[in-house]
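Take a look at the structure set out below.
Derivation of every value follows stated rules applied to the coordinates shown; laboratory data play no part. Bear in mind that the values here come from a model prediction, so they are computed numbers and not experimental data. Counting neighbours? That spans all protein chains shown, and the Cβs are built from the backbone with ideal geometry, glycine included.
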Amino acid sequence: IGLKGCRRVRGAQIRHLLDAKACFLFDCDGVIWHGEQAVPGAPRVVHALLRRGKGVFFVTNNCTRPRETYVRKFRRLGFTGVRREHIFSSSYCAALYLRDVAQVRGGGVFVVGCEGMREELREAGVPYLQEEADVPGATIYDCALSAGVKAVLVGHDDQFTFLKLAKASCYLRDPDCLFLATDSDPWHPLKDGRILPGSGCLTAALEVATGRKATVIGKPSRFMFECISSQFTGVDPAQCLMVGDRLETDMLFGSNCGLDTMLTLTGVSQLEDAEEYSRSEQSTKQCFVPDYVVDTIADFLPAFEE
Ligand code: PLP
Ligand code: CA
């Protein structure tokens, strides 16, 4: 029995996709780089797509860096022609959401997160609480809580403390205080079999403490795609391909936005995981199934040679 989706593509089929699609959305970690190393061939793929006049967008759940830092990273890793306008990170999109959708003016945002998030908020002109470092051993009774906090934004925070969790929980007692998360990623692979817990863990802690559900900005939510299509005219979902390495975020994101999806096997998810979802009887699992599968995006390269 043929499985739905999961179509292994190469050669002529990839060439056909290149002709058929006008825009390519790439996840970053696990697709175009691994930490500080470019996936071999990825710079040439991106360059060739740009030269052909294709729309190329990067959609990353990594909230730790402002876009300017990504521009430098692309350059450092050998990518040419990638501009800041092409980069849609969860921290940038969270700042856009707070500015344009929630329209936070006074009052400010309580950030459980990192400098990259604050920098995007500053750039978007979204006010956030400037906190002094908590005194060791301080409890929630030792803190002055600010009045009129409009939102709590949770993301990657390697300075996470129980006290921050407690403060955020108190702010979220106010039903008018928005609860946002940059992403809900559970963990990320590091070298030597180690992992980095994702923002999803911190969001989950706060969800339990408050009995509320966070609004997620990053993949698999559609908001990042809405940011792209509001800034670039003529981005038609039917003409976009979403390329990612994680089924539960990237493929679901593509599916939520009505895009064709492609899994590369250079990251988190394996072909077996995709096939298992494909065989599942549960219809909700079908959204994790990629339309296409390649070993690496370097498989695009032969299709550029005429
Ligand atoms: N968030 C953090 C803190 C990360 O370190 C990573 C990957 O390294 C991600 C998110 C996932 O990024 P992407 O969506 O580009 O795979
Ligand atoms: Ca990834």
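What is the total of Lys pairs in region 110-257 with C-alpha atoms under 24 Å apart, excluding same-chain pairs fewer than 8 positions apart? Don't jump to the answer; show the numbers that get you there.
Numbers: LYS150/LYS164; LYS150/LYS167; LYS150/LYS213; LYS150/LYS219; LYS164/LYS213; LYS167/LYS213; LYS191/LYS219.
Going through region 110-257 pair by pair, I get 7.
Nearest 20 debye, what's the magnitude of the dipole of region 206-306 about its Cα centre given +1 on Lys and Arg Cβ and -1 on Asp and Glu Cβ?
On the way: 7 positive and 17 negative charges, 148 e Å.
It works out to roughly 720 debye.
Have a look at SER146, LEU196, PHE162 and report the one farthest towards the positive end of the charge dipole of region 117-208, computed about the Cα centre with Cβ charges (Lys/Arg +1, Asp/Glu -1).
It is PHE162.
If each of PHE232 and ARG51 carries a label point 7 Å out from its Cα toward its Cβ, how far apart are those two points in nm?
With each label point 7 Å from Cα toward Cβ, the separation is 1.9 nm.
Let's test the formula: R0 of 51 Å, r as the Cβ-Cβ distance of ILE195 and GLU306. What FRET efficiency results, to the nearest 0.05?
Numbers: r = 43 Å, r/R0 = 0.84.
Working from the Cβ atoms, E equals 0.75.
Order by neighbour count: LEU129, LEU163, fewest other Cβ atoms within 10 Å first, most last.
Working: LEU129 14, LEU163 17.
Least to most surrounded, the residues fall as LEU129, LEU163.
Could you tell me what percent of the DSSP beta bridges with both partners in the chain are antiparallel, to the nearest 5? Could the numbers behind the result be given before it?
Details: 5 of 37 bridges.
Once the DSSP bridges in the chain are tallied, antiparallel ones form about 15 percent.
Taking 0.36 nm per intervening residue step and subtracting the Cα-Cα distance, what contour gain separates ASP174 from ARG99 on full extension?
On the way: separation 75, 0.36 × 75 = 27.00 nm, distance 1.99 nm.
Net length gain for the segment: 25.0 nm.
Going by average Cβ neighbours within 10 Å, how do the peptides 19-29, 91-101 rank, with the highest at the top? Please list the in-between numbers first.
Numbers: 19-29: 20.0, 91-101: 23.9.
Ranked by mean Cβ neighbours within 10 Å, highest first: 91-101, 19-29.
Taking the Cβ-Cβ separation of ASP295 and SER146 as r and a Förster radius of 35 Å, what is the calculated FRET efficiency to the nearest 0.05? Intermediate values should be presented prior to the final figure.
Values: r = 51 Å, r/R0 = 1.46.
For ASP295 and SER146, the calculated efficiency is 0.10.
When the helices in the chain are scored as -39500 (n - 2.57) per DSSP H run of 4 or longer and the sum is shared across all residues, what 222 nm value do you end up with, to the nearest 500 deg cm²/dmol? List each step's numbers first, then the result.
On the way: 11 runs with 97 residues, N = 306.
That comes out to -9000 deg cm²/dmol.
Using alpha-carbon pairs under 8 Å, 6+ residues apart, how would you state the relative contact order of region 159-242 in percent? If you can, show how the numbers build up before the last one.
Working: 73 pairs, mean separation 21.4, N = 84.
Taking the mean separation of contacting Cα pairs over the length of region 159-242, I get 25 percent.
For GLN13 and ARG84, what does the FRET efficiency come to when R0 = 25 Å and r is the distance between their Cβ atoms, rounded to the nearest 0.05?
On the way: r = 33 Å, r/R0 = 1.32.
Calculated transfer efficiency: 0.15.
Under a cut-off of 19 Å between alpha-carbon atoms, report the aspartates and glutamates in cross-link reach of LYS73, not counting same-chain residues fewer than 8 places apart.
ASP27, ASP29, GLU36, GLU85, GLU115, GLU119, GLU120
Spit out the partnerless Cys residues in the chain, using Cβ distances under 4.7 Å as the pairing rule.
By the Cβ distance rule, which asks for a partner under 4.7 Å, the isolated cysteines are CYS6, CYS28, CYS63, CYS93, CYS114, CYS143, CYS170, CYS177, CYS201, CYS227, CYS257, CYS287.
In the chain, if the dipole is taken from +1 on Lys/Arg beta carbons and -1 on Asp/Glu beta carbons about the Cα centre, which of GLY244, GLY234, ILE87 is farthest to the positive end?
Selected residue: GLY234.
Give, in nm to one decimal, the length gained when the segment between LEU271 and LYS4 is fully stretched (0.36 nm per residue of separation minus the Cα-Cα distance). Display every interim value, and only then the final one.
On the way: separation 267, 0.36 × 267 = 96.12 nm, distance 1.31 nm.
Net length gain for the segment: 94.8 nm.
For the chain, give the magnitude of the charge dipole about the Cα centre (Cβ charges: +1 Lys/Arg, -1 Asp/Glu; no others), in debye to the nearest 20. Display every interim value, and only then the final one.
Numbers: 35 positive and 39 negative charges, 136 e Å.
That gives the chain a dipole magnitude of about 660 debye.
Compute the Cα gyration tensor for region 90-234, then decide on rounded, prolate or oblate, letting a ≥ b ≥ c be the square roots of its eigenvalues: rounded whenever a/c is under 1.5, prolate when a/b is larger than b/c in the other cases, and oblate in all that remain. Write out the running numbers ahead of the final one.
On the way: a/c = 1.76, a/b = 1.18, b/c = 1.49.
Taking the square roots of the gyration eigenvalues as a ≥ b ≥ c, region 90-234 is oblate.
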